[in-house]
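Structure record follows, encoded as structure tokens.
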Amino acid sequence: MGEVEGVLVLRRCLEEFNRRDLERVAACYADDVEHVVPALGMVWRGLAQRRAELSRLWLASPDARVRLVEAHGDGRHAAGEWVLSGTSERPYRDLPATGRRFELAGVTCVTLEQGRIRRQVDYWDLATLLRQLGLLAPAGTR
């Protein structure tokens, strides 16, 4: 049995992310997309904000890549476990550039409308990222 639409759209979006094709990534999203990242306390609305955030991330970590571990879904929803890796080469939002590599596991949940992502929520652990970047003491060292 082939993959269902939600999983196919999520997979395509992540593949285009790795190609750094901003327009093809944007084509995966509805014009009024809402992208929520609880770890950062951020919500981006609309394609312009989505494009700007991708550009900001790619500038901060030019070698950032995401690997989809597993995904499940139906015609309207999908959830995917992923690993994002890269190097902190330039500041990203409030995070200074550290020159360190990171590898961050997370989960993305998407809701589709008319074959495009209308809502995306990314769950990952900020403390893990901060430790890998040398911005937070390793767990258990206090």
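Values for this structure:
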item	result
Answer from Leu57, Leu68 - the residue that is in contact (Cβ under 8 Å) with a residue 12 or more places away in the chain and either in contact with an Asp or Glu (Cβ under 8 Å, 6 or more places away or on another chain) or polar (S, T, N, Q) (or both)	Leu68
Residue in the range 115-123 that is aromatic (Phe, Trp, Tyr), touching a helix residue (DSSP H, G or I) at 6+ places or on another chain (Cβ under 8 Å) and buried (at least 16 other Cβ atoms within 10 Å of the Cβ) present	no
Filter result for Val33 (β-branched (Val, Ile, Thr), under 28 Å from Leu130 (Cβ atoms) and surrounded by fewer than 18 Cβ atoms within 10 Å (Cβ to Cβ))	no
Test result for Arg45, under 12 Å from the mean Cα position of the chain (by Cα) and loosely packed, with under 14 Cβ neighbours inside 10 Å	no
Residue that is surrounded by the fewest Cβ atoms within 10 Å (Cβ to Cβ) [pool: residues in the range 130-142 that are closer than 15 Å to Tyr92 by Cα and free of Cβ contacts under 8 Å to residues at least 40 places away in the same chain]	Gly134
Unique match (being of a type in the set (Asp, Glu), modelled with pLDDT under 95, loosely packed, with under 13 Cβ neighbours inside 10 Å and farther than 20 Å from Thr128 by Cα) among Asp94, Asp74	Asp74
In the range 116-142, the residues that are among the basic types (Lys, Arg) and under 20 Å from Arg50 (Cα atoms)	Arg116, Arg118, Arg119
Restricting the range 109-132 to residues that are of a type in the set (A, V, I, L, M, F, W, C) and assigned to a strand (DSSP E or B), the residue that is farthest from Val33 (Cα to Cα)	Trp124
In the range 77-91, the residues that are part of a strand (DSSP E or B) and either within 15 Å of Gln132 (Cα to Cα) or of a type in the set (D, E, K, R) (or both)	Glu81, Val83, Leu84, Ser85, Gly86, Thr87
Count of residues meeting criterion [more than 12 Å from Ile117 (Cβ to Cβ), basic (Lys, Arg) and assigned to a helix (DSSP H, G or I)] in the range 12-21	1
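The values are calculated or read from the model by the stated rules, or taken from the named source; none is laboratory data. Bear in mind that the values here come from a model prediction, so they are computed numbers and not experimental data. Ideal geometry is used to build each Cβ from the backbone, glycine not excepted, and the neighbour counts take in all protein chains shown.
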